[in-house]
Amino acid sequence: MSLITIFIYVLLTSTLSGALGMAGGVILMAVFLVFLPLPVALVLHGLTQMSSNGFRAYINREHIKKEVIIPYIIGAIIAYTIFQFIQIKPSKKVIFLILGLLPFLGVLKKTSKYFDIEKKGRSLICGVVVSASQAICGVSGSILDLFYLSSSLGRFSIVANKAFTQAFGHMLKTFYFLQIYNFEVESLSPAIYGIALFTPLFGSIFGKKILKSFSDDSFLKVAKLTMIGFSGFMFYKGIIS
C-alpha cells in the first residue's frame with residue numbers, strides 16, 4: 001500500500017467512526033487484511049484505533065460515564081489476563097465470520113434488550129466479550145456496537161464512551177499481539193506509523209462536525225443500518241475466504 005492510500009483510508013474510516021462511533025475500525029481492518037500480512041495488519045490496526053478512539057474520547061470527554069467505562073475496563077483486564085495463558089493466533093476467515101455474525105443479535109427485538117450496556121453487569125460482560133473478540137480475531141467494534149445501540153444513551157454519549165473503551169481495548173490488544181508474535185512483526189516505514197497515529201486526529205474532528213448534524217433518532221437509524229450492512233459484508237468475506 002502506498003502512503004497516500006493508507007492516509008486516505010485512515011482519514012475516511014476515522015471520520016466515519018467520529019460521526020457514527022462505529023464501522024470505521026472494521027472497514028480499516030478489512031483493508032489492512034487485504035494488503036498487509038496478518039501480524040502487521042493486527043498491530044497497525046491497534047495503533048491506529050488506539051489513536052483514533054483516544055482522541056475522539058478526549059474531544060467528547062464531557063459525555064463519558066464512569067458507571068459504563070469502569071466495569072468495562074475490569075472486564076477487559078480479566079479477558080486479556082485469561083488469554084495470556086491461552087494465546088490464539090487468529091485467521092482471516094475467523095475474523096470475517098465473527099464480525100459478520102454476532103452484530104445481528106443486537107438488532108433482534110428478543111435479544112437486543114439483553115445487551116443494554118446501561119443495565120447492571122452488562123458493561124462488565126461487554127468488557128469480557130469484546131476483549132475476547134479482540135484477542136481471537138483482532139477486532140471487536142461491531143460487537144461493541146450492539147451493546148451501545150441497545151441502550152438509551154444519546155449519540156454523544158455513545159460516541160464518547162465507546163471511544164474510551166475502544167482506546168483502552170486497542171492498547172491491550174496491540175501489546176497482546178506483539179507478545180504473540182514475539183515482537184517480530186515485519187517492520188514498516190516510520191511514515192506509516194506516523195500516519196496511523198496522527199491522521200485519526202483530523203478524522204475525529206471532521207467526524208464530530210458531522211455528528212452534530214444528526215438528531216439522536218436519525219443517528220441510531222443510520223448507525224444500525226451501517227452496522228447491518230457491514231456485518232453482512234464481513235460474513236460474505238468470511239464465506240469466500
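Values for this structure:
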{"quantity": "Extension gain, Phe206 back to Lys120 (0.36 nm per residue minus Cα-Cα distance, nm)", "calculated": "27.6 nm"}
{"quantity": "Highest-fluctuation residue, His170, His63, His45 considered, GNM on the chain with Cα pairs under 10 Å", "calculated": "His63"}
{"quantity": "Relative contact order, percent, segment 3-240 [alpha-carbon distance under 8 Å, six or more residues apart]", "calculated": "40"}
{"quantity": "Most fluctuating residue given options Thr81, Thr13, Thr199, as computed from a GNM of the chain linking Cα atoms under 10 Å", "calculated": "Thr81"}
{"quantity": "In segment 164-241, trypsin sites (Lys or Arg not before Pro) in a DSSP loop with at most 12 other beta-carbon atoms within 10 Å", "calculated": "Lys212"}
{"quantity": "Cross-link partners of Lys120 among lysines (Cα-Cα below 29 Å; sequence separation of 8 or more within a chain)", "calculated": "Lys65, Lys66, Lys109, Lys110, Lys162, Lys173, Lys221, Lys224"}
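Taken together, the values in this text are just the output of simple stated rules run on the coordinates, not laboratory data. Nothing here was measured: the structure is a model prediction, and the numbers come from that model. Glycine gets a Cβ as well: all are built from the backbone with ideal geometry, and neighbour counts include every protein chain shown.
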